[in-house]
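J.: Encoded as structure tokens, here's the structure I'll be asking about.
The values are calculated or read from the model by the stated rules, or taken from the named source; none is laboratory data. All values derive from a computational prediction rather than experimental measurement. Here Cβ is always computed from backbone atoms with ideal geometry, including for glycine, and neighbour counts include all displayed protein chains.
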Amino acid sequence: MRFLGDILKAMGEGKPISIVPVATEVTTQKAAEILGCSKPHLVKLLEEKKAQLNIPRLGSIAVFVLKM
């Protein structure tokens, strides 16, 4: 119930809310939109952490699984 309360509070404060199904595969563009940053910024952050992340790729496209 606390989770729902947090969502309603944030909505009441006018904060943007995104609800994404668990384990959704998204492109870097969509992940950046969900996180509220630019795609180049997200890619830069991911490249910096590349050794620590297991990022599957489809050709030149990185595939991210968001687990929240």
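J.: Search region 1-33 for residues being under 22 Å from K44 (Cβ atoms) and not in a loop (DSSP other than H, G, I, E, B), and hand back the single one that is modelled with the highest pLDDT.
T.: Among them, the one singled out is Q29.
J.: Mind checking which pairs have a first residue in region 25-46 that is touching a residue at least 40 places away in the same chain (Cβ under 8 Å) and a second that is crowded, with 16+ Cβ neighbours inside 10 Å and assigned to a strand (DSSP E or B), Cβ under 8 Å, 6 or more apart or different chains?
T.: E25/F64; V26/F64
J.: What's the number of the only condition in (1) modelled with pLDDT of 85 or more; (2) part of a helix (DSSP H, G or I) that C37 fails to meet?
T.: For C37, the exception is condition (2).
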